[in-house]
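K.L.:
Okay, here's the structure, questions in a sec.
The values are calculated or read from the model by the stated rules, or taken from the named source; none is laboratory data. Here the structure is a predicted model, which is why all the values come from computation and not from measurement. Here the Cβ positions follow ideal geometry from the backbone for every residue, glycine too, while neighbour counts run over all protein chains shown. The accessibility values were calculated without ligands, DNA or RNA, using every heavy atom of the protein model including side chains. Shrake-Rupley method; radii C 1.70, N 1.55, O 1.52, S 1.80 Å.
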Amino acid sequence: MPGFLFPLGLLGLLAVVLPLAIHLARRSDADIIDFAALRWLRAAPRPRAQIRFDEVPLLLLRLLLVVLLALLLAQPIWRGWTDRRPVLVVFPGADLVEARAALASAGDARALWLTPGFPDFGEIAPPAGPVSSLVRELDSTLAAQVPLTILVPGVLQGVDAELPRLSRPVQVRILEGAMPALAAPVEKLAFAARGPATDPGLRWLRAAATGLGAGFDLQPADAPMPPQSSILLWLGSGTPPDPITNWVASGGTALVMAQTQIPAGTTVWRDAQGPIAEASPLGRGRLIRFVRPLTPAALPALLEPDFPQALAALLQPPPEPARVSAEGWQPRTGGPAPVLAGLDLSGWLGLAIALGWLIERWVATRSRRAARP
Amino acid sequence: MGPDLIPPDVRGRLRTLRLTARRAADLQGLGLHHSRARGAGLEFAQYRGYERGDEPRMIDWKLYARSGKFFVRESERESPLRLWILLDASASMGQADRAQPTRSRLDAAMGLAACLGQLAMNQGDRFGLVVLSDAGLNVIDAADGVRQRDRLALALRAVEPRGGFPALAQLGPLWDRVGPSDLVVLLSDFFDEGTVTLAERLAAAGREVLAIQILSVEERDFPFAQGHRFRDPETGEELLGDGKVLRDEFLSRFAAAQTELAARLEHDGIRHARLVLDEALDVPLRRLFGSGHADEYS
């Protein structure tokens, strides 16, 4: 049963007036013919408003093209069509030999890689992706009652914190092999301090940066702004000037001192005596303010050995754990039933349009054709 | 229109044709037109000096022997046949087919007039031309001979299709010149009522009238398949129409109008023929003057 994912695209059918207008027989600029026997011509009464078209076959071809284009816009699908074959999905990194053996024993099952796009299972494993999310996506694209078997290596990489809740029971089969670890992109911190060098907290922050192995660059308040990847240290008091707020709003992270006045935020770092820092969003960036002065008396955490790490965690949260043993990773059932889209007809439609366009060009550029629209 | 108004092949076929008048056939006697006085110089009129173009046999050699100068004997021509070529020069005559835009109705009419003049000249008859236009009549008085033929050709080449058919009141000079038993050939498309009326009146006044209707191929076949803007060249009226739609209706109505015209002409004893622009010029002439035609009316 055909259907449309985007029925508004059928509004493109209004474009059929274009070829109709092109092919409308233009009588207003018809060539003038001297015809002395006009009185016998005029004696034939005839409705003037009759609409006529030139070159009807070409017009039909062009109308067909426009209709096909409108259908393509509406993203046609064939709803009734489902692939009922059982599905074997292989995690990248699972042992290929065992996977092929499992596939051979599964009969007519479809084998896919669990990677974005779900390519057919083959020799070369494509790069892995967020597997929990992919399992959910795969479940939602399969018809109900299609058996799903997941072939996983002993240790999974790239899972998220929750076990997937799927619409069908899933058989998880653990194979040999190991998934490639997902390299978490960790960027080295770099601090760019702006403001008077007399701030008492400066030496603590410089020491923390040294402890983290991060760069530290102190410039006067009116120096050019650092790149967005740096952490901006604003040492001034009062309200931050416009260049600072603009820089933060365009996606940067700034650390300000207790004497700086910014809108109150949420506490993101606390110790036994109370909040240490609070953060507030600004545009696409983030403003983090120490609520206490950076002195050992006011902030004993400065003296702790893990202060640099705590500061780094505040500025650059560590990646969440994504490794799990396959033993305990069993997707649960009870998820929402798949809303099955059906077979996407866009490819075939595009092919038909290309073919129709070629035919249209051929017809329209024939040498026998008169000089017409 | 070439340098010669008469195409060579037509000129060749003209030799077999003779201008014949119905009434002339009534007169008893010998010869083609049963003239009472045939040939040049039977009834002496005058001497005149020789001019270039005169035939040597016209020279009076005895007078040359006496005077040492060439004199030509002129005689009264009493041939009963006088041919008047009436050429319709209204704007509708300028119409040409799109397939052959250089050959207009007027070109065909001029060719026919030249053919008629040639025929008349060949048999020594006098012939004249009246160009009918509402801007005024252009009359070449009847005469005979090579010079008259050249005068005719010269006048024909000056004709421009313009305006409408003259009103009957403008036709006074015509009645002054066309004698009671003259042969009148009217070349027109006969779309204008005035043309038919003129033919009828001439016939009613005892002139023998021949009508040659000149039609374009488009009027006969109506080969239009697209939408066109049809314009009447005389009134300037325009009609937007699609050829396919108009065709059947036009052809039937036009045929009916032709039949009615033919009936009117027949009723007044006007011999008529039709020339379509894709036909040879001598087709209507053979139809009118072909062998036996004169006799079958007598």
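K.L.:
How big is the A/B interface in buried accessible area, both sides summed, 1.4 Å probe, to the nearest 100 Å²?
P.N.:
Roughly 2700 Å² of accessible surface disappears when A and B pair.
K.L.:
Which residue fluctuates the most in chain A, going by a Gaussian network model with Cα springs under 10 Å, if the choices are A:L287, A:L114, A:L134?
P.N.:
So, out of A:L287, A:L114, A:L134, the one fluctuating most is A:L287.
K.L.:
Expressed as a fraction of 2.2 N^0.38 Å, the rule-of-thumb size for a compact globular protein of N residues, what is the C-alpha radius of gyration of the stretch A:174-235?
P.N.:
Rg over 2.2 N^0.38 Å, computed on Cα atoms: 1.69.
K.L.:
On to the next question. In Å, what is the Rg of the alpha-carbon atoms in chain B, and how long is Dmax?
P.N.:
21.2, 80
K.L.:
Right, something else. Just tell me how shielded B:250-259 is by partners: mean number of partner chain Cβ atoms within 10 Å of each residue's Cβ, no decimals.
P.N.:
Taking all residues of B:250-259 together, the mean is 3.
K.L.:
Moving on. More than 19 angstrom separation, counting every C-alpha pair in the stretch A:212-284; what % is that?
P.N.:
The calculated P(r) of the stretch A:212-284 puts 37 percent of pairs beyond 19 Å.
K.L.:
Scan around A:D271 for amide H atoms under 5 Å from its own, H built in the peptide plane at 1.01 Å from N, and keep only partners 5 or more places away or cross-chain.
P.N.:
Distant-sequence amide H within range of A:D271: A:I276.
K.L.:
Quote the FRET efficiency, to the nearest 0.05, computed for B:R11 versus B:V139 with a Förster distance R0 of 25 Å and r equal to the Cβ-Cβ distance.
P.N.:
Approximately 0.45, to the nearest 0.05.
K.L.:
Projecting each Cα onto the charge dipole of the protein assembly as shown (Lys/Arg +1, Asp/Glu -1 at the beta carbon, about the Cα centre), which of A:P164, A:N246, A:A301 comes out farthest on the positive side?
P.N.:
A:N246
K.L.:
Oh, and also: Can you give me the angle between helix B:243-267 and the longest principal axis of chain B, using Cα atoms only, in degrees from 0 to 90, rounded to the nearest 10?
P.N.:
Relative to chain B, helix B:243-267 is tipped by roughly 40 degrees.
K.L.:
What is the antiparallel percent of DSSP beta bridges lying wholly in the stretch B:164-298, to the nearest 5?
P.N.:
The antiparallel proportion sits near 30 percent.
K.L.:
In percent, how large is the relative contact order of chain B, given Cα pairs closer than 8 Å and 6 or more residues apart?
P.N.:
So the answer I get is 19 percent.
K.L.:
Can you pull the semi-axes for chain A, root of five times each eigenvalue of the Cα gyration tensor, sorted largest first, whole Å?
P.N.:
Working through the eigenvalues yields semi-axes of 64, 39, 17 Å.
K.L.:
Separate question: Could you calculate the FRET efficiency of B:A263 with B:L168 from 1/(1 + (r/R0)^6), where r is the beta carbon distance between them and R0 is 22 Å, rounded to 0.05?
P.N.:
0.50
K.L.:
Taking 0.36 nm per residue of sequence separation and subtracting the Cα-Cα distance, how much length would be gained by fully extending the chain between A:V339 and A:F6, in nm to one decimal?
P.N.:
118.4 nm
K.L.:
Starting from the Cα gyration tensor of the protein assembly as shown, multiply each eigenvalue by 5, take the square root, and state the resulting semi-axes largest first in whole Å.
P.N.:
Computed over the protein assembly as shown, the values are 113, 35, 22 Å.
K.L.:
Then there is this: Where both residues lie in the stretch A:190-315, what percent of DSSP beta bridges are antiparallel, nearest 5?
P.N.:
Bridges in the stretch A:190-315 that DSSP calls antiparallel: roughly 40 percent.
K.L.:
Continuing with the same structure: Positive end of the charge dipole of the protein assembly as shown (Lys, Arg +1 and Asp, Glu -1 on Cβ, about the Cα centre): tell me which of B:A113, A:M257, A:A313 has its Cα farthest that way.
P.N.:
B:A113
K.L.:
Residue by residue through the stretch A:221-228, which ³J(HN,Hα) values in whole Hz follow from phi under the Karplus form 6.51 cos²θ - 1.76 cosθ + 1.60 (θ = phi - 60°), with glycine and proline marked x?
P.N.:
5, 9, 5, x, 6, x, x, 5
K.L.:
Additional query: For the protein assembly as shown, with all protein chains present and a 1.4 Å probe, just round the carbon and sulfur fraction of the accessible area to a whole percent.
P.N.:
57
K.L.:
Would you kindly calculate the mean projected area, averaged across all directions, of the convex hull enclosing the Cα atoms of the stretch A:190-315, in square nanometres?
P.N.:
Mean projected area for the stretch A:190-315: 6.8 nm², to one decimal.
K.L.:
Using θ = phi - 60° and the Karplus curve 6.51 cos²θ - 1.76 cosθ + 1.60, what whole-Hz ³J(HN,Hα) does each residue of the stretch A:318-332 get, with Gly and Pro shown as x?
P.N.:
Each residue of the stretch A:318-332 in turn: x, x, 6, x, 10, 10, 8, 6, 5, 4, x, 9, 10, x, 8 Hz.
K.L.:
Helix A:56-73 sits at what angle to the longest principal axis of chain A, using alpha carbons and giving 0 to 90 degrees rounded to 10?
P.N.:
20
K.L.:
If you don't mind, another one. Apply the Karplus curve 6.51 cos²θ - 1.76 cosθ + 1.60, θ = phi - 60°, to the phi angles in the stretch A:350-365 and return the couplings in whole Hz, x for Gly and Pro.
P.N.:
x, 4, 4, 5, 4, 5, x, 5, 4, 4, 4, 5, 5, 5, 6, 10
K.L.:
Let me ask something else. Skipping prolines and chain starts, which residues have an amide H placed within reach, meaning under 5 Å, of the one on B:R126, given they are 5 or more residues away or on another chain?
P.N.:
Close amide H contacts, sequence-distant or interchain: B:L83.
K.L.:
Shifting gears a bit: Please average, across the residues of B:241-249, the number of beta carbons from any other chain that are within 10 Å of each residue's own beta carbon, and give a whole number.
P.N.:
What the average comes to for B:241-249 is 4.
K.L.:
Ok, one more. For chain B, what is the charge dipole size about the Cα centre, in debye to the nearest 20, if Lys and Arg each add +1 at the Cβ and Asp and Glu each add -1 at the Cβ?
P.N.:
About 1360 debye.
K.L.:
Which far-off residues, 5 or more places away or on another chain, put their amide H under 5 Å from the one on A:F53, with H placed in the peptide plane?
P.N.:
Under 5 Å from the amide H of A:F53 lie the amide H atoms of A:A25, each far enough along the sequence or on another chain.
K.L.:
Go through A:L68, B:A255, B:V184 and say which Cα lies farthest out towards the positive end of the charge dipole of the protein assembly as shown; charges sit on Cβ, +1 for Lys and Arg, -1 for Asp and Glu.
P.N.:
B:V184
K.L.:
For the protein assembly as shown, what is the mean residue ellipticity at 222 nm derived from helices alone (per DSSP H run of n ≥ 4: -39500 (n - 2.57); sum divided by total residues; nearest 500 deg cm²/dmol)?
P.N.:
Taken over the protein assembly as shown, the calculation gives -9000 deg cm²/dmol.
K.L.:
A further question on this structure: Roughly what % antiparallel, to the nearest 5, for the DSSP beta bridges in chain A?
P.N.:
Here the antiparallel bridges make up roughly 40 percent for chain A.
K.L.:
Given a 1.4 angstrom probe, what's the average accessible area per residue across the protein assembly as shown, in square angstrom?
P.N.:
Here the per-residue accessible area is 51 Å².
K.L.:
Another question about this same structure. With an 8 Å cut-off on Cα pairs and a minimum separation of 6 or more residues, tell me the relative contact order of chain A in percent.
P.N.:
Relative contact order for chain A comes out at 18 percent.
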